[in-house]
Amino acid sequence: MNRSPTRSPIPLRLAFSLALIPLFSSVSLYAASVAQSSPDGKIKFTLTDDKGVPTYSVSYQGQEVIQPSRLGLEFKAVDGFVRDLKIADSATTSSDSTWEQPWGEQRLMRDHHNELLVTLTGIDNTKKTMQVRVRLFDDGLGFRYEVPEQKKLAPRKDNKIEIIDEKTEFIIPAPDKTIAWWIPGRAWNRYEFLYNTTPLKAMDRAHTPMTFKLPSGVHVSIHEAALTDYAAMVLDQQRDGVLKADLTPWSDGVKVKTQLGFKSSWRTIQIADNAAGLINSSLILNLNEPNKLGDVSWVKPGKYIGIWWGMHVGTNTWGSGEKHGATTANTKHYMDFAAQNGFDGVLVEGWNEGWDGDWYNNGDIFSFTKPYKDFDIAEITRYGLNKGVRLIGHHETSGAVTNYKNQMDDAFDLYKKYGVTQVKTGYVADGGKAKRIDENGIARNEWHDGQFMIGEYLRSVTEAAERHISINTHEPIKDTGLRRTYPNWIAREGARGQEYNAWGSPPNPPEHTVMLPFTRMLAGPMDYTPGIFNLAPYGLDAENRVQSTLAKELALYVIIYSPIQMAADLIENYYEQDGKTLKPAFQFIRDVPTDWEVSKAIGGEVGDYAIIARQQRNSEDWFVGAITDEAARKVNIPLNFLKAGKRYEAQIYRDGDKAEWKTNPYDLVIEKKVVTASDNLKFKLGTSGGVAIRFKALP
């Protein structure tokens, strides 16, 4: 359905004042305005061309959450879409469909949206065209730029064009009273920073997702979706409340190298009445394209253990020698434990040549096909497959992406030969120091979230898919929902994980894992690696330790979603002192699944506490996790998510009455009770504490 733009005269005094502004070379005497609302009518997006500059605003239940903000693209060598523009046409459509995730936190996903497509051209009838496509859902909206092929913008026959700036703004009201949760963007440690809690106006340049709370209590998160052949967006606060899209550049300063007929990633704005509502959003996935890989039954969610934590706490080394962790004997030992306890994979890091010495700077010498002599990959994979346990592969690049690219085919072929179906990749290097060798043989340093690296991350995923291998990316590009399009991109890191508790200065504080569900986790699954049972490997008084109770470590399996979950500790720490009897708390890790039918955030506040319930796929069983920050807290969990009229055995793993993370983190009570959907469960969580519950359906 086409709708003509609504035009209204500019007041005389405004028209006169505009003549004094030199930024615009021409000014329309009329301003066009088009709008579209979400299916429930609560969210409204309005786009205008007043003063020849396209601007948009967003309101929620009549309250402006994004004030009039600029749109536009600036190109190198040719005039782009910055000023002297008008709305030439607009069209609206609606869609309501349901699609199924092959794996995920929710099996069935409803995609119900209204769409607005706006065509912008030059005021002086310049024959250049850009479109802004907007999709509004009940949980937020996304918009993107679409620039078709056109002679006016094509100085070269190959239609190549370079973007040097994106003008998109997000102007937030009341920046001094709005609270923001953010990490610095384009800084040395990529996404691995502790979250800041500040008034919005104190924010500098921030990565997305960036979450904020308006004075009204409305929660908003800004991010992006379907980021492929484009540059990642960080948010640069230029004036108080004015957040500008700042595209991560190539080493030569150009932001995006593309050709006409391109589409940007979606700029997303998730909106909810409260913090928990953000978690329940499906916006990011709905803005991605459907599965391009066809049958992906070979992509398997699951739980794994690994030769990993030992390197972080100094028990083992990645490099060869007497403490080498990746040996044939040690891997078989871990596979035995995995087979006995229902784990389907063993991750092994440090198996391949290149780790000796300063591995952080060894990127150019890593081999991805040559094992160390004490790691017999043929024997290990044969042994594991006989037990129903797969070897999980590992490729650490140390940021030398060209070296990895040159070996990628052979590396994945080797894994395919030995039945390895999942690989953890790593790109450890300071931000801005991913090493690319250009066409002239010159080394260039690129950002992890620039267009070049975005292509390299996706290359690893598509190459792996050809061999039926899934990828778990560490030091990744941020998640933007591409797991829908490429379901073998099964997880990634992209935030401070468990390893910081072993050696970080400081380690992750109690609020960190309570921040993640409302910030980083809005983007998608995270391989956080929970399940540490020896919470203080260097002693309770040491700085480096896990700053939580044991019950909280269990609850993280529900709170921090990933289709692959690791029991991250040394396997000996899961046993009692006799070395034979498993600790009772380990039963929850054995029971908790990684693939879900339904997920619901029940309650929470950013950085304070979170309560999430998930139903196991192909089962009537439910699981609940609740965690808190450094404050002890009472929580009430209504069980109305359970099936009415059904009885369940609640298997509860909770903080003991004296549990607190500093001096008494192991105080854990395990108990059972029969409950129904009409019940409420109340718990007292210790400082940095939690509760984990399995609701087992009774006959």
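Provide a single number: the residues in region 213-230 that are in a loop (DSSP other than H, G, I, E, B) and out of contact with any Pro (no Cβ under 9 Å at 6 or more places or on another chain). Show your work before the answer.
Going residue by residue through region 213-230, those that are in a loop (DSSP other than H, G, I, E, B) are 214-218, 226-230.
Now narrow it down to the ones that are out of contact with any Pro (no Cβ under 9 Å at 6 or more places or on another chain): 216-218, 226-230.
Matching residues across region 213-230 total 8.
Does K213 satisfy the criteria of being open to solvent by 30 Å² or more (accessible area, probe 1.4 Å), under 24 Å from T48 (Cβ atoms) and either touching a helix residue (DSSP H, G or I) at 6+ places or on another chain (Cβ under 6 Å) or in contact (Cβ under 8 Å) with a residue 40 or more places away in the chain (or both)? So K213 does not fit the description; no. Among all positions in region 106-121, there is no residue which is in contact with an Asp or Glu (Cβ under 9 Å, 6 or more places away or on another chain), among the β-branched types (V, I, T), under 26 Å from Q36 (Cα atoms) and exposed (fewer than 14 other Cβ atoms within 10 Å of the Cβ).
Can you say whether T462 is among the β-branched types (V, I, T), open to solvent by 30 Å² or more (accessible area, probe 1.4 Å) and without any contact (Cβ under 8 Å) to a residue 40 or more places away in the chain, as far as the supplied structure shows? If you could, list the steps in order and put the result at the bottom.
On the way: among the β-branched types (V, I, T): yes; open to solvent by 30 Å² or more (accessible area, probe 1.4 Å): yes; without any contact (Cβ under 8 Å) to a residue 40 or more places away in the chain: yes.
Considered against the rule, which asks whether it is among the β-branched types (V, I, T), open to solvent by 30 Å² or more (accessible area, probe 1.4 Å) and without any contact (Cβ under 8 Å) to a residue 40 or more places away in the chain, T462 comes out as yes.
Filtered by the rule that a residue be in contact with a helix residue (DSSP H, G or I) (Cβ under 7 Å, 6 or more places away or on another chain) and hydrophobic (A, V, I, L, M, F, W, C), region 352-384 gives F366, F368, F375, I380.
Of everything in region 491-531, what is in a loop (DSSP other than H, G, I, E, B) and out of contact with any strand residue (DSSP E or B) (no Cβ under 9 Å at 6 or more places or on another chain)? Give them in sequence order. Those that are in a loop (DSSP other than H, G, I, E, B) and out of contact with any strand residue (DSSP E or B) (no Cβ under 9 Å at 6 or more places or on another chain): A495, R496, G497, E499, G504, S505, P506, P507, N508, P509.
Flag set for G314, criterion: small (G, A, S), without any contact (Cβ under 8 Å) to a residue 12 or more places away in the chain and outside any helix (DSSP H, G or I).
Kindly check whether there is at least one residue in region 660-672 that is open to solvent by 40 Å² or more (accessible area, probe 1.4 Å), out of contact with any strand residue (DSSP E or B) (no Cβ under 6 Å at 6 or more places or on another chain) and among the hydrophobic types (A, V, I, L, M, F, W, C). Looking for residues that are open to solvent by 40 Å² or more (accessible area, probe 1.4 Å), out of contact with any strand residue (DSSP E or B) (no Cβ under 6 Å at 6 or more places or on another chain) and among the hydrophobic types (A, V, I, L, M, F, W, C), one finds at least one in region 660-672, hence yes. Only one entry in N440, N403, N445, N472 is open to solvent by 20 Å² or more (accessible area, probe 1.4 Å), of a type outside the set (K, R) and either part of a strand (DSSP E or B) or at pLDDT below 95 (or both), namely N445.
Out of region 220-247, which residues are over 25 Å from T129 (Cα atoms) and either among the aliphatic types (A, V, I, L, M) or touching a strand residue (DSSP E or B) at 6+ places or on another chain (Cβ under 7 Å) (or both)? Spell out how you get there, then give the answer.
Going through region 220-247, the residues over 25 Å from T129 (Cα atoms) turn out to be 220-223, 234-243.
Residues satisfying the conditions are V220, S221, I222, H223, V234, L235, D236, Q237, Q238, G241, V242, L243.
Selection of region 127-157 for residues being over 26 Å from D240 (Cβ atoms), open to solvent by less than 60 Å² (accessible area, probe 1.4 Å) and not aliphatic (A, V, I, L, M) yields K128, T129, Q131, R133, R135, F137, D139, R144, Y145, E146, P148, Q150.
Within region 238-254, the presence of at least one residue that is more than 24 Å from K42 (Cα to Cα), of a type in the set (S, T, N, Q) and open to solvent by 40 Å² or more (accessible area, probe 1.4 Å) is confirmed. Scan region 546-579 for residues that are closer than 22 Å to G625 by Cα and assigned to a loop (DSSP other than H, G, I, E, B) and the total you get is 11.
Among the residues of region 63-87, those that are closer than 16 Å to Q150 by Cβ and out of contact with any Gly (no Cβ under 9 Å at 6 or more places or on another chain) comprise F75, A77, V78. If you check S548, S505, S562, which single one turns out to be among the polar types (S, T, N, Q) and under 24 Å from Y334 (Cα atoms)? Unique residue meeting the criteria: S562.
The values are calculated or read from the model by the stated rules, or taken from the named source; none is laboratory data. From a predicted model like this one, the values you see are computed outputs, not experimental measurements. Cβ atoms come from the backbone with ideal geometry, glycine included; neighbour counts cover every protein chain shown. For the accessible areas, the whole protein counts, side chains as well, though only heavy atoms, and no ligand, DNA or RNA atoms are used. Shrake-Rupley method; radii C 1.70, N 1.55, O 1.52, S 1.80 Å.
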